[in-house]
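Before any comments, here is the structure.
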Amino acid sequence: MSKAVHTAQQYWDVRSDLFANYYKKPSLFDKMFRKAVYTRTAVALKVIKECGQCTVLDIGSGPGVNSVTWLKNTDAKFLLGIDFAENMNEYARKHAEAEGVGGRSKFVEGDFMTYDFGMDKYDVSVAVGVADYVKDMDVFLKKMDNVTNKAMVISWPLNGLRMALRRYRYTCPVYHYNEADVRRLHEGLAIKSLELVPMQGGITSIARK
Ligand SMILES: C[S@@+](CC[C@H](N)C(=O)[O-])C[C@H]1O[C@@H](n2cnc3c(N)ncnc32)[C@H](O)[C@@H]1O
């Protein structure tokens, strides 16, 4: 029997509870084999904290558990989450309200690649757990650069056993990178520095402007 094929939007639209529970109710398996999920959250938290009363763009915000963590633990004044899976956004809005940060956040439905931000820019933009599903990170990163004032945080999955398992299990396309790809993709952007933080099965990059 052939495997079902979905877009990343279709795949994630029915997995808001599943992904939220990696943070809310982590199993022993999650703690051992999904360490990258927690590392990248912590790296972004540090960057947002350093920024003070900043604005944050959370690209592919998913269930918004990260967005809420960042708002509750920093002085960030506003966070815009964008995700093309509307069930994720609904989860995120409810979670933000329940955690008392609904007034400092907004979650919109859209594909980051085509969303019109107008003249809006954000001090820190974050895309964690997202490059995995983006076919053209070159275009994605250029757009991220255009909407960011101070720093961009991105997580990048490396190839390996975990990626092979995801290719087998997931019904949407997934992509991987290596350190040279990450450096090359940042070439030509308006950045002053690029820091690469190793994590389980991947890298989190911090590009400062
Ligand atoms: C693995 S989840 C990660 C969620 C969240 N960033 C986190 O780390 O908790 C990936 C999310 O990115 C969203 N996504 C992927 N590509 C996107 C795009 N081009 N525009 C908007 N959302 C996107 C998916 O719908 C999904 O909710």
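Derivation of every value follows stated rules applied to the coordinates shown; laboratory data play no part. On a predicted model such as this, the values are computed, not experimentally measured, just so you know. We place every Cβ from the backbone using ideal geometry, glycine too, and count neighbours over all the protein chains shown.
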query: Taking the range 38-69, which residues are in a helix (DSSP H, G or I) and closer than 16 Å to residue 91 by Cβ?
result: 65, 66, 67, 68, 69
- line: The condition from (1) closer than 23 Å to residue 202 by Cα; (2) touching a Ser or Thr at 6+ places or on another chain (Cβ under 6 Å) that residue 78 misses is numbered (1)
task: Just name the residue that is surrounded by the fewest Cβ atoms within 10 Å (Cβ to Cβ) out of those in the range 119-146 that are more than 18 Å from residue 40 (Cα to Cα), within 14 Å of the ligand (Cβ to nearest atom) and among the acidic types (Asp, Glu).
output: 136
- prompt: Quick one: which of 103, 81, 110 is free of Cβ contacts under 8 Å to residues at least 60 places away in the same chain, touching a Lys or Arg at 6+ places or on another chain (Cβ under 9 Å) and of a type outside the set (A, V, I, L, M)?
  reply: 81
- prompt: Among the residues of the range 43-80 satisfying the criterion of being near the ligand (Cβ under 10 Å from one of its atoms), among the hydroxyl-bearing types (Ser, Thr, Tyr) and farther than 19 Å from residue 143 by Cβ, which is surrounded by the most Cβ atoms within 10 Å (Cβ to Cβ)?
  reply: 67
message: Tally up the residues in the range 91-120 that are part of a helix (DSSP H, G or I) and touching a helix residue (DSSP H, G or I) at 6+ places or on another chain (Cβ under 8 Å), please.
response: 7
